[in-house]
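Trainee: The structure under discussion is supplied below as C-alpha cells; questions concerning it will follow.
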Amino acid sequence: MTLHIPFDNSFARLPEGFAAHVAPEPVQAPELLVFNLALAEELGLRIGAEEELAQVFSGNHPPEGASPLAQIYAGHQFGHFNPQLGDGRAILLGEVVNAAGRFDIQLKGSGRTPFSRSGDGRAWLGPVLREYVVSEAMHAMGLPTTRALAAVATGETVYRETALPGAVLTRVARSHLRVGTFQIFAARRQLEHLQTLFDYAVARHDPDADNPLDFLRGVIARQADLVARWMSVGFIHGVMNTDNCTISGETIDYGPCAFMDRYDPHTVFSSIDRQGRYAYANQPDIIVWNMAQLATSLVPLMPDSEAAIEQFTEAVHAMPGLIRARWLHHFGRKIGLTEATPDDARLITDLLQIMADHDADFTNTFRALSANAARDQFTDPAAFDAWEVQWRARLAQETAPQDLMRQTNPARIPRNHRIEQMIEAAVAGDLAPFKRMMDALSAPYETDPRFDDLTRPPLETEIVQATFCGT
Ligand code: AMP
Ligand code: MG
C-alpha cells in the first residue's frame, strides 16, 4: 500500500496573485518522529510505509495530486502594519474534503519561499513538538484549533543562536485564511482580488452570508467564542498579530504560546512581547482590535463606504458584549452552572480575585472544585470559605454540577515547564516524554493517577520565565 491523499485544491485554482507556486525544499535525511493516525483516518488518507510518510511529510516528495504553494498575506505585528508577509516557511500541499468539511494540509518548516525575507524557511525540533503537543491538547479539550498530522526530523541543522536539529510539522486547518489575507489586497487596492478572496472565504466558512457585513459578523462570533475559550483554559496565545488570526475561528500559529500556572491576569510569556500587549487579560481587547482591521479591509467591497463604515463599526462595537457572554458561558460551566446569567458574573470574578490574591493554580483550582478540594489551592485557605458558602447556595439550583465541572475543567494541560523538559529530552534523542505527554493530554477530562506528576505546577526552579517564537 502506498500513501494516498484525495486532494481537491480549491485555493490553488484561484487566479494569479494569491500565492507563489513553489515546491518544498528537500531535506537531507528525513525521519518520521510522529504521525497522527486518527487524524489521517478522519481525513480519509490511505497510509503508506513509514519511510514514505517521512519522504512526503518532510517535503521531499510532494504526494500525487498536491499543488504546493506559499500563500501571501500582510498583517499588523504588535500594532504595526507590515504590508507584505506570506508563508515564509510553510507550503500548502493542498486540501482534502471529508464529511466534516474541507481541510488544508500544510508543511511548516519546509524551506524558503519568495516570502521568506531574511529567514531560512526552516523550523527546529522544539517549536515543532511544542505546536504538535499544544494544538492536539487544545483539540482534545474541545477548543477550535489547527491540528498536527506529522512531525519529521530533517537530519539537518538549523541555527537559532545555537545549532539545533531541524524538523517539519504537517498542520491541518479548516483554512489558512487570516485577517492579514484580506489586509494585503485592501492595502494594495487590488479590489478584484479582494472580491475573489471574499467569495472564496464565504463559500468555505460562511456559506449563509449574503454580504460582507454578514461575513464579518460570522468571523466576529467565532473569534469571540474562541478567545473566551482560551481564557477559560488559561491559554495565552502570545502573538495575536492579524496575520495569526484566522477567518475560520481556529487557534493558529503556536509560537510563544503558553498556559498559565498560577492565576495572574497580567501574565505574559513571549520574550518579544515587552509591552505585554498580548498578556492574558488583554486578549479580549486585542481580538476586537483585530476584527476592526478585518472590517476596515472589507469596506472597499461595499458600494457605499460611509454606510458600510457605520454598519461595520456597530458590528465591531458589539463584540465586547459577545465575548462577555461567551466568557460567562464558559466560566459559568467551570463552576458548575449550566447557563450562567449576568447575575452570576460576580461569583466568577470574585473567585478569580481570590485566586489572584492567594496564588492559586488556575487549572488545579477549577479542577479541584468538582472534588471538593479547592480550599487547599490557596495560600490562605480561609479566603475561599466565604466564597464557597455563596457558591454552594447557587449550586443548589443545578442538577449535576459535579459532572459538568469535570467535563469542563481539564485535569491536565501542557504545562510550560513540562514542554521545555520534553523538548530538552527530544533534542537529546529521547522522545519518550513527548509520547507520554501526548498520551496524558489525549483525555484531559479524565482523572488518571498515572499522570499525576503532570498536574503539578512548576517548582520555583522549573518556572519558565519566557517563551520564544524560536521559529
Ligand atoms: P509568525 O510571527 O511566526 O507568525 O511569523 C511571521 C512571519 O515570519 C510569517 O510570514 C512567517 O512565514 C515568517 N517567518 C517566521 N519564521 C521564518 C523562517 N524561519 N524563515 C522564513 N520566514 C519565517
Ligand atoms: Mg504566523
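What follows is calculated from the coordinates using simple rules that are stated; it is not laboratory data. Only a predicted model underlies this, so the values are computations on that prediction, with no experimental measurement involved. Don't worry about glycine lacking a Cβ; one is built from the backbone with ideal geometry, like all the others, and counts go over all protein chains shown.
Condition check ((1) closer than 19 Å to LYS334 by Cβ; (2) part of a loop (DSSP other than H, G, I, E, B); (3) touching a residue at least 12 places away in the same chain (Cβ under 8 Å)) across all residues:
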| residue | (1), (2), (3) |
| --- | --- |
| ALA386 | no, no, no |
| ARG406 | yes, no, yes |
| GLU420 | no, no, yes |
| ALA425 | no, no, no |
| ARG450 | no, no, no |
| LEU454 | no, no, yes |
| PRO457 | yes, yes, yes |
| VAL464 | no, yes, yes |
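Trainee: Also: Looking only at region 206-259, count how many residues are within 20 Å of THR181 (Cα to Cα), assigned to a strand (DSSP E or B) and of a type in the set (A, V, I, L, M, F, W, C).
Mentor: Summing the residues that are within 20 Å of THR181 (Cα to Cα), assigned to a strand (DSSP E or B) and of a type in the set (A, V, I, L, M, F, W, C) in region 206-259 gives 0.
Trainee: Filter region 265-278 down to residues that are aliphatic (A, V, I, L, M) and surrounded by 20 or more Cβ atoms within 10 Å (Cβ to Cβ), then give me how many there are. Talk me through it step by step, then tell me what you get.
Mentor: Start the filter on region 265-278 by keeping residues that are aliphatic (A, V, I, L, M), which leaves 268, 272.
Next cut, surrounded by 20 or more Cβ atoms within 10 Å (Cβ to Cβ) only: 268.
Going through region 265-278 one residue at a time, the tally reaches 1.
Trainee: Same structure, new question: How many of the residues making up region 163-195 are out of contact with any His (no Cβ under 8 Å at 6 or more places or on another chain), assigned to a helix (DSSP H, G or I) and among the polar types (S, T, N, Q)?
Mentor: 2
Trainee: Also, quick follow-up: Only one residue in ALA70, ALA12, ALA66, ALA38 is buried (at least 18 other Cβ atoms within 10 Å of the Cβ) and in a helix (DSSP H, G or I). Which one?
Mentor: Details: ALA70 fails: in a helix (DSSP H, G or I); ALA66 fails: in a helix (DSSP H, G or I); ALA38 fails: buried (at least 18 other Cβ atoms within 10 Å of the Cβ).
Exactly one residue qualifies, and that residue is ALA12.
Trainee: Another question, if that's okay. Take VAL239 and decide whether it is touching a strand residue (DSSP E or B) at 6+ places or on another chain (Cβ under 7 Å), under 24 Å from ASN282 (Cα atoms) and in contact (Cβ under 8 Å) with a residue 40 or more places away in the chain.
Mentor: Working: touching a strand residue (DSSP E or B) at 6+ places or on another chain (Cβ under 7 Å): yes; under 24 Å from ASN282 (Cα atoms): yes; in contact (Cβ under 8 Å) with a residue 40 or more places away in the chain: yes.
So VAL239 fits the description; yes.
Trainee: Of the residues LEU197, LEU177, which single one is more than 16 Å from ligand 1 (Cβ to nearest atom) and under 23 Å from GLN106 (Cβ atoms)?
Mentor: On the way: LEU177 fails: more than 16 Å from ligand 1 (Cβ to nearest atom).
None of the other options fit; the residue is LEU197.
Trainee: Here is a check on your reading of the model: is ARG117 of a type outside the set (Phe, Trp, Tyr), surrounded by fewer than 24 Cβ atoms within 10 Å (Cβ to Cβ) and closer than 26 Å to GLU51 by Cβ?
Mentor: Working: of a type outside the set (Phe, Trp, Tyr): yes; surrounded by fewer than 24 Cβ atoms within 10 Å (Cβ to Cβ): yes; closer than 26 Å to GLU51 by Cβ: no.
Criteria not met by ARG117.
Trainee: With the requirement that a residue be surrounded by fewer than 13 Cβ atoms within 10 Å (Cβ to Cβ) and of a type in the set (A, V, I, L, M), what does region 419-462 give you?
Mentor: ALA428, ALA432, LEU459
Trainee: Considering ARG204, ARG188, which residue is under 26 Å from GLY142 (Cβ atoms) and either touching a helix residue (DSSP H, G or I) at 6+ places or on another chain (Cβ under 9 Å) or surrounded by fewer than 20 Cβ atoms within 10 Å (Cβ to Cβ) (or both)? It would help to see each step written out before you state the result.
Mentor: Values: ARG188 fails: under 26 Å from GLY142 (Cβ atoms).
From the options ARG204, ARG188, the qualifying one is ARG204.
Trainee: Can I ask one more? Looking for whichever is over 25 Å from ALA228 (Cβ atoms) and within 12 Å of ligand 1 (Cβ to nearest atom) here; the options are PRO114, PRO165. Which one fits?
Mentor: Working: PRO165 fails: within 12 Å of ligand 1 (Cβ to nearest atom).
Of PRO114, PRO165, the one residue that is over 25 Å from ALA228 (Cβ atoms) and within 12 Å of ligand 1 (Cβ to nearest atom) is PRO114.
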